[in-house]
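See structure below.
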Amino acid sequence: MILYQYIGLIIGIIGIIVTFLRFKDGKMSLSMLLMWSAIWILLIIFSVYPDTTSLLASATGIGRGLDLILIIGLIGCYYFIFKIYNMMENIEEEITHLVREIALEKGKSQEESDKNPPEDTGSATTE
């Protein structure tokens, strides 16, 4: 095996371990577990058997195996960018909702304190 094959194999194994640990800790959904596991397994397969990329490329009508990997990588990057964008939009909506709730609560507590001014506990004497 060539050096890059060992590197790909090691990175793939570490990736699978980290993915399963994140799933076990509840930081990753089942669908993301399956997707990342598939990516790491493909990395291991393509590293150990580099000719499989050429076979897949010829089966799909793409010229070379490296072209296939680059096309799949580019499509995957666009997918992840879209997913991250949607997550950011959801977070922004949640933050807006929380800020509105906090503002309403502060407004209610301010109104209550205006209606019921604090009573003087009487340290001053009246003459």
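Observations on the structure shown:
- Residues being open to solvent by 100 Å² or more (accessible area, probe 1.4 Å), closer than 21 Å to Tyr6 by Cα and part of a helix (DSSP H, G or I) - total across region 49-84: 3
- Residue in region 95-103 that is within 20 Å of the chain's Cα centre (by Cα), modelled with pLDDT of 90 or more and either surrounded by 10 or more Cβ atoms within 10 Å (Cβ to Cβ) or farther than 28 Å from Gly12 by Cα (or both) present: yes
- Residue check, Gly12 open to solvent by less than 100 Å² (accessible area, probe 1.4 Å) and in a helix (DSSP H, G or I): yes
- Close pairs (8 angstrom Cβ cut-off, 6 or more residues apart or separate chains): within 13 Å of Asp51 (Cα to Cα) and small (Gly, Ala, Ser) in region 61-72, assigned to a helix (DSSP H, G or I) and open to solvent by 70 Å² or more (accessible area, probe 1.4 Å) anywhere: Gly65/Asp51; Gly65/Leu55; Gly65/Leu56
The values are calculated or read from the model by the stated rules, or taken from the named source; none is laboratory data. In this text, all values refer to a predicted model and were calculated from it rather than measured experimentally. Reconstructed Cβ throughout: ideal geometry from the backbone, glycine too, with neighbour counts over all protein chains shown. Quick note on the areas: whole protein, heavy atoms, side chains included, nothing else; ligands and nucleic acids left out. Shrake-Rupley method; radii C 1.70, N 1.55, O 1.52, S 1.80 Å.
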